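**Q** Would you mind keeping the following structure in view while I ask a few things?
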């Protein structure tokens, strides 16, 4: 009886296994059909298998692992708290928008303080729209890439005037309607604030996706960018799109970093082709060292097996063993920034002997680099000039701005300051000029073809919408006025090196004077000292 029951149980178990196998096979077939729609059209054959995802089971696993890791390990950031706690969709979208614009080309640690101050001053779109561009530039001062703040301000005004204060709620409309909002920013706002199921591809996501799918081609090429967006849209979790997108960016920022990535801590390393590629290479080296050349062929095609693949490393020789997963992604060589030289003059005045020193600032044009920002009077040098020619040019400019003749009585050369913009290697040739009280009253506002100007104290200067470059110029000026202050490294690089060269010249001159310009022999160190006669 017992034997019959056992046989019956085995028969039922066998039928159940067959049913499960059939169900699993059907499920896998459906997965494969569904994923075919999501695989980039540019991928075919082995490339589609290697650089994409084989089925939804793998995708679900990646989603689950990444979100679980994110829930436990994410950094607590003010904009993330706003996205979770703010129930008003417009306020939530605005908070995400501000953070995404500030985070462009800027580190999180730098943004946090700016973000908190910004949201305290302008907590809603309506508050920002009522501000002035001058106030926005002042708040943005020091954050860099100043056009970002201006476009954010213009976008807020547009939402208020054209959309009655209601933010567009999908990525397509956000990108189309808001100035300075590109595909990534629009997708981030739409997914985090409004829950739209759309992927994101920023610098961190590019790195993660390229490593997970071993994409070694130039990550800035249109072919790779298109493939990455398709992968991002395939991976994004439909139930938690905002969290998933933040998770993949968080992974790139904290674990899958550009240098020294923490692969052992990666929640998706089991699905990472770059990581497996490194393991294969290490295994191959180990076997060669042990004299064992036999190995099983992996069912997953190796990276070298993708023939004529537009996403692989350019060739086998491109692999650098010491880099490991850092072989991915590859970027085209950066274009060197163009070199520019600019004459700059720090003009100061004191109304009376007891007054604080004031600085003369002019406003830049409302378009172009550093639009609307304040600076010391400056002139772009378009040709090589002698020091005499430089003095004449800057004095003529000051006379034009101040409305009275400026002499070189108090004119002084201070040195040079270097500042690197994203596309410009700028060298400021810095002079100073102090105005006497008699010439102050001749300065008149509103002359034709002259920019707006104003006089500010040192405290007011720091609070004004001035660039980091101008702060470096003021630092050089302050150092020339009072010794002992520390210089910024970019100021030191030129000003300090000149000081060292002068000291070396002095030492060399002193040595040549004391010893007749001859090099001392070793024996001379052991001779008794001869006292000078009085």
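**Q** Fewest first, what order do 350, 472, 117 take by the number of other Cβ atoms within 10 Å?
**A** 117, 350, 472
**Q** Now, a different point. Can you compute the modelled spin-label distance between residue 130 and residue 369, with each label point 7 Å from Cα toward Cβ, in nm?
**A** 3.7 nm
**Q** In addition: With a point put 7 Å past each Cα toward its Cβ, work out how far residue 411 is from residue 310 in nm, to one decimal.
**A** If labels sit at residue 411 and residue 310, their model points lie 6.0 nm apart.
**Q** A further question on this structure: Working out 0.36 nm times the residue gap between residue 176 and residue 105, then minus their Cα-Cα distance, what length gain in nm do you get to one decimal?
**A** 23.4 nm
**Q** When the chain is fully extended, how far beyond the present Cα-Cα distance does residue 454 get from residue 197, taking 0.36 nm per residue of separation?
**A** Contour length minus Cα-Cα distance gives 87.5 nm.
**Q** Another question, if that's okay. Sort the following peptides by mean Cβ neighbour count (other Cβ atoms within 10 Å, averaged over residues), highest first: 209-216, 376-383.
**A** Those peptides, ordered most packed to least, come out 209-216, 376-383.
**Q** What ranking do 103-112, 339-348 get when scored by the average of other Cβ atoms within 10 Å per residue, highest first?
**A** My ranking of the peptides, most packed first, is 339-348, 103-112.
**Q** What is the Cα convex hull volume of the range 161-239 when expressed per residue in Å³?
**A** So the per-residue hull volume is 92 Å³.
**Q** Assuming R0 = 25 Å, can you tell me the calculated FRET efficiency for the pair residue 382 and residue 145, based on Cβ-Cβ distance, to the nearest 0.05?
**A** Once rounded, the FRET efficiency stands at 0.50.
**Q** Using Cβ counts within 10 Å as a stand-in for footprinting exposure, how do 322, 52 rank, fewest first?
**A** 322, 52
**Q** If R0 is 30 Å, what FRET efficiency do you get for residue 332 and residue 86 from their C-beta distance, rounded to 0.05?
**A** Approximately 0.15, to the nearest 0.05.
**Q** Would you mind putting 388-394, 181-187 in packing order, based on average other-beta-carbon counts within 10 Å, highest first?
**A** Going from most to least packed, we get 181-187, 388-394.
**Q** Between residue 420 and residue 468, what length comes free when the chain is fully extended (0.36 nm per residue of separation minus the Cα-Cα distance, one decimal in nm)?
**A** This chain segment gains 16.3 nm when fully extended.
**Q** Hey, how much of the P(r) for the range 212-287 falls beyond 17 Å, as a percent of Cα pairs?
**A** 57 percent
**Q** Another question, if that's okay. Can you give the FRET efficiency to the nearest 0.05 for residue 288 and residue 260, using r as the Cβ-Cβ distance and R₀ = 30 Å?
**A** 0.65
We did not get these values from a lab; they are worked out from the coordinates using the rules stated. For clarity, every value in this text was computed on a predicted model and none was experimentally measured. Methodologically, a virtual Cβ is constructed for each residue, glycine included, from the backbone with ideal geometry; neighbour enumeration extends over all protein chains shown.
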